[in-house]
Amino acid sequence: MTVVRTDVRATTRGTERAARAQRVVRSHDLNALAVQADLMLVQDAIEAAGERRTAAARAARDICAAELDVAQAAVDQAVSAAREPRARRDARVEFAWHAVHRARAMLPLIVPDDALGSQYLYAVERVGRMRPRNGELLSRLTRLARTAPATEGHRHTLSYALSAAYGAADREYRQMRHLRDRLMRVAWATTLALLVVVAAGTLVPTLFPLCLEAEGAVCPAGGATPTAGDVASVAALGMVGAGITAVVAVRRTRPSLSPYRITPALGLLRIPFGGIVAVVGVMVLQAQVVSGFVGLATRQEIAAYALVFGFAQEAVTRLLENRATALQEAVGTASGVAVTPAPGDGQQPDRT
């Protein structure tokens, strides 16, 4: 009878996990699907590890079960809240990743002795990718791997090493997500500012002095006096110049293992920012505050300088791109392809 009840409970758990996996698959959220798969693998690894009679092992199993429950709740919320902003759903998935990583870091306290060999290899590989690299911890792991038999102290050292390595990688991911979210907020604010500038210039053509006050001078829209289309014309040309830099940036971008893409956010920022810079730049030139410059008298000159100013915003956005590239390289180092562990050791490749 006991065997039957155990089989029934195992079947029920398997059915529930399959239903959750199907729900995540239907959400078409690849990040949520990845964390759900890793969560299920950790659950299977804990069940396959069997029962160790030490108090530390029992406590570790309870903690792992609690962490996986927290991760599962976060994944379920991310999947069910399809109408939430993308940034909030990404934060929920990242929270689930952290919980799964905390559970995986405790697996050395749970797995049997014959699985510790792969645990050593995996811990050494994970610590070796830490930024900054922890040489002292790496050397200690290497010495422990040559020591037999393994003790409870060895297990705790392995658990600490994995926790430190996962913590370093998760911090890099969190910084990447925060940078992407900030760039998106700035991009939307810049777009709103550009719309306000164009609307104000359309309603009050003389609000932004884009015409040279000289005989025979032509305004950006082609008239002899300021018109409603002047600001929009200069802003559009500036956006074209910024669009050229966005295309060049895409060509310059290297593949990244991070799930948070910075290039689209920078592209969204570049284009409206180029329009604003073009309007401000042409306005400064027409005010003749630049020594030795007499202003722009023809539509061709205005168009050329508007394009140049739109392209010039690259001086600012390139600094942001360099910061994003440095973070992406750090994430790539901290989350490279993991060594495939032997069956039964409870480890799986990390997220990409």
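The values are calculated or read from the model by the stated rules, or taken from the named source; none is laboratory data. All figures in this text were calculated on a predicted structure; none of them were measured in a lab. Positions of Cβ are backbone-derived with ideal geometry, glycine not excepted, and every protein chain shown enters the neighbour counts.
Miscellaneous remarks
- Residue in the stretch 261-284 that is nearest to the chain's Cα centre (by Cα), counting only those that are closer than 23 Å to PRO205 by Cβ and crowded, with 21+ Cβ neighbours inside 10 Å: PRO272
- Against the test of being farther than 20 Å from LEU141 by Cα and not in a loop (DSSP other than H, G, I, E, B), the options GLN72, GLN119 yield a single qualifying residue, GLN72.
- Counted residues, the stretch 75-119 - those being farther than 30 Å from TYR160 by Cβ, touching a residue at least 60 places away in the same chain (Cβ under 8 Å) and β-branched (Val, Ile, Thr): 0
- Scanning the stretch 223-243 for residues that are touching a helix residue (DSSP H, G or I) at 6+ places or on another chain (Cβ under 6 Å) and at pLDDT below 90 returns a single hit, ALA228.
- A count restricted to the stretch 147-159 and to residues that are surrounded by fewer than 22 Cβ atoms within 10 Å (Cβ to Cβ), in contact (Cβ under 8 Å) with a residue 12 or more places away in the chain and not charged (D, E, K, R) stands at 6.
- The numbered conditions (1) modelled with pLDDT under 85; (2) assigned to a helix (DSSP H, G or I); (3) buried (at least 21 other Cβ atoms within 10 Å of the Cβ) are all true for VAL111 except (2).
- Test set (1) at negative phi; (2) surrounded by fewer than 23 Cβ atoms within 10 Å (Cβ to Cβ); (3) modelled with pLDDT under 90 - GLN288 fails condition number: (1)
- Residues of the stretch 247-259 include at least one that is surrounded by fewer than 20 Cβ atoms within 10 Å (Cβ to Cβ) and farther than 30 Å from ALA169 by Cβ.
- In the stretch 15-69, the qualifying residues are those that are of a type in the set (Ser, Thr, Tyr) and assigned to a helix (DSSP H, G or I), and the one that is farthest from ALA99 (Cα to Cα) is THR15.
- Of everything in the stretch 312-341 that is hydrophobic (A, V, I, L, M, F, W, C) and at pLDDT 70 or above, the residue that is surrounded by the most Cβ atoms within 10 Å (Cβ to Cβ) is ALA324.
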